[in-house]
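Chemist: To start, I am sharing the structure in question, which I have written as C-alpha cells.
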Amino acid sequence: MKYVSTRGGDQRISSAEAIKKGIADNGGLFVPEYIPRLSTDGIIALAPLPYAERAAAILSLFLDDYDKEKLLCFCRDAYKESSFPGGAAPVTELYENGYMLELFHGPTCAFKDMALQIMPRLLSEALKMTGEEKTAFILVATSGDTGKAALEGYRDVDGVKIKVFYPSDGVSDIQKLQMSSQEGANVSVQAINGNFDDCQNGVKKIFSDKELNEKLYEAGYILTSANSINWGRLAPQIVYYISAYLDLYNAGKIQKGEKITFCVPTGNFGNILAGFIAAKMGLPVNRFICASNKNNVLTDFFATGVYDRNREFFKTVSPSMDILISSNLERLLYFFAGPEKTRGYMASLNETGKYAVDADTLSAICEYFDAGYTDEEGTASRIKAAWRESGRLIDTHTAVALDCAKRLGKPGEKIVTVSTASAYKFAADVTAALGGEVKYDRGTLSPLYSLSELTKTEIPAPLAALAAKKIRFSGTVEKEEMPETLFGD
Ligand SMILES: *Cc1c(COP(=O)(O)O)cnc(C)c1O
C-alpha cells in the first residue's frame, strides 16, 4: 500500500517512508491510497485475541511494507502489562447503554501513550528499512502532555534522540516535574523563557534553518518531529476503536454487526479521525460525536460547513483541547472532498484563517459526524455527577465528552465515551469540581494527595512515583538560544 498527500501531487511512498518523513513535500498530510476493508466476520474473528495481537493484525493492513512478525513484537512490547497495568484499552460500563473506553492506563496516564508507546518502534524500524545511517533527532515543543508522552515513548529507542522544549511558565508544576525528571540516555528537556508559541516558533525555525540542518547532518543527525500529523501516530489509534467493539461483543453487550456510537473529546482531530478510519474499514458505527470545550471551532464547522479560526482563544480546564487549528481535519476533508478541494481549503485557511466546504461535502460528512461542546461550568458539574451517580472519577477532557454524550445521545443508542486522561493528571481542577480544596502543604504534588484524600482513591503509580524522582534537567534559556542547545548533549 502506498501513501499520498492530502493536497495531491505525485509523491507516492511506502508507509515506512511516510513515517520517517512525517509531512508531505507539498505541505499535505500522508494518507493511505485506499482504506483496507474488513468484513463483520473478519472483525469478529479478532475477538479472542489480546490487545497486542489485535493491534498487529490491524496495523499490518496499513503498514504492509513492515515484516508481520516484527510488527507483532513491537505491539507486544509497546502494550505490555508493565506499561499498561490491567490492559491497554479496557471498556467499562458507566450507565445503561453508556460505556467508557479507558485510554489512560499507560506510562504517562493520558491517551497519547497509546500511539507514542509504539510509534518510536515504527520509526526506528523505518530508519533501518530505508537504509538511513543518521540518528533521527526528534524535536518537540510542548504545552504539557505530548512532551512527557513522547519522552517516555522514545527513551532508549535505537537510532533516535529526542529533545523537548517547554515554556517555563506555561505548564503545570506536575508536568514540569514529570519532564525534568525524565530518565533515558537519549533524552533531554529544556525550559524556555517564554510561552508555548515561542517554543513552537523556535522549533519551526530550527526545522527551516538550512545551515543549521547541514551542521546537524554533519554531526550525524536528521531532524524529525513526533507530532500528531505523523501517520505513525494516527495508525495505532485505529486499533482501540475496533478493540472496544470486540470487548463489548465478548461481554455480550452488543450483537455481531450491531452499530454503536463513539463520543470523543477532540482537539487536533487525530483521535476521532482514527475512529472514522475504523468505520471506513467496516466497523459497524452509527455516528461519531465530536466533543469540544469552549473553543468550539469544530462544533461550528459541523453545523455550518465553515471553519473559522478568527475568534477568541479561551484557556480552559481541558487544555489539551484548547486548539483553534485542528490539523488532522485536513485528512477528513481529503476523504470527502478529494485532494484538489482540500488544497484550496488549506490555502484559504492559511491566507484568511477560514474556509467553507460545499453543501454536498458537509452533508456527506454529517452522515458520520455530530458535534457539541461543553463549557467550563458543564465540565465541572459533569465531573461531580459522574462521581456522585456512578462513583467514577473522570478528568476534565473526559467530562466534556461525557457531557456531550449524555446531552446528544438518543434513547436506546449505545454510546462509548472515549476517556483520554486519568483524573489525577488534572487533579487540581477535578478536586475543585468535586467541591474539595487543594492544600498546598506537600509541595508540587499537593493536588494529587488532595484528590486522593477527598475521594479515597489511589494515585496512579506513575504519578505517585514522581515523589521519589531526581531532577535531571534544570535551568531556563532564551528562545534565541534554542539552536545552540541542540549540540550540547
Ligand atoms: C491530546 C488530547 C486530546 C485531544 O486529542 P486529539 O487527537 O488532539 O483530538 C484530548 N484529551 C487529552 C487528555 C489529550 O491529551
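Chemist: Starting from the Cα of K210, step 7 Å along the direction of its Cβ; do the same at S390; then give the gap between the two resulting points in nm.
Modeler: Label at K210, label at S390, 5.6 nm between them.
Chemist: Next question, about the same structure. Between F369 and residues 5 or more places away or on another chain, which pairs have amide H atoms under 5 Å apart, with H built 1.01 Å from N, and which residues are they?
Modeler: Counting only residues 5 or more places away or on other chains, the set is F288.
Chemist: OK, next. Using amide H atoms built in the peptide plane, which far-off residues or other-chain residues are under 5 Å from D395 H to H?
Modeler: Residues meeting the criterion, in which the H sits 1.01 Å from N, are A421, A423.
Chemist: Give the relative contact order (percent, whole number) for the range 1-63; include only Cα pairs under 8 Å separated by 6+ residues.
Modeler: Result for the range 1-63 is 33 percent.
Chemist: With just the Cα atoms defining each centre, how far is the range 104-143 from the range 41-87? Give it in Å.
Modeler: Spelled out, the Cα-based centre of one part sits 17 Å from the other.
Chemist: Rank-order 137-147, 466-476, 449-459, 92-102 by packing density, defined as the average count of other C-beta atoms within 10 Å over each peptide's residues, highest first.
Modeler: Result, highest mean first: 137-147, 92-102, 449-459, 466-476.
Chemist: Further question on the same structure: Taking amide H positions as placed 1.01 Å from N in the peptide plane, with prolines and chain starts having none, which residues 5 or more places from A226, or on another chain, fall under 5 Å of its amide H?
Modeler: L139
Chemist: Taking the alpha-carbon set of the chain, what are its Rg and Dmax in Å?
Modeler: Here Rg and the maximum Cα pair distance are 21.5, 63 Å.
Chemist: Apply the Karplus parameterisation 6.51 cos²θ - 1.76 cosθ + 1.60, with θ equal to phi minus 60°, to every residue of the range 94-101 and state each ³J(HN,Hα) to the nearest whole Hz, in sequence, with x for glycine and proline.
Modeler: 10, 8, 4, 6, x, 10, 10, 9
Chemist: Along Cα→Cβ, 7 Å out, is where each label goes; now give me the distance between the ones at K253 and D300 in nm to one decimal.
Modeler: Result for the modelled spin labels: 3.5 nm.
Chemist: Same structure again: Considering only protein heavy atoms, what per residue accessible area in square angstrom results for the chain with a 1.4 angstrom probe?
Modeler: In whole numbers, the chain has 40 Å² accessible per residue.
Chemist: Whole-Hz ³J(HN,Hα) for each residue in the range 201-218, computed from phi via Karplus 6.51 cos²θ - 1.76 cosθ + 1.60 with θ = phi - 60°, x for glycine and proline: what do you get?
Modeler: 5, x, 5, 4, 4, 4, 4, 9, 7, 4, 4, 4, 4, 5, 4, 5, 4, 4
Chemist: Hey, another quick one. Using a 1.4 angstrom probe on heavy atoms only, work out the carbon and sulfur share of the accessible area of the range 25-156 in %.
Modeler: 49
The values are calculated or read from the model by the stated rules, or taken from the named source; none is laboratory data. No experiment lies behind these values; they were computed from the predicted model shown. Cβ coordinates were reconstructed from backbone atoms using ideal geometry, including for glycine residues, and neighbour counts include every protein chain displayed. SASA here: full protein model, heavy atoms, side chains in, ligands and nucleic acids out. Shrake-Rupley method; radii C 1.70, N 1.55, O 1.52, S 1.80 Å.
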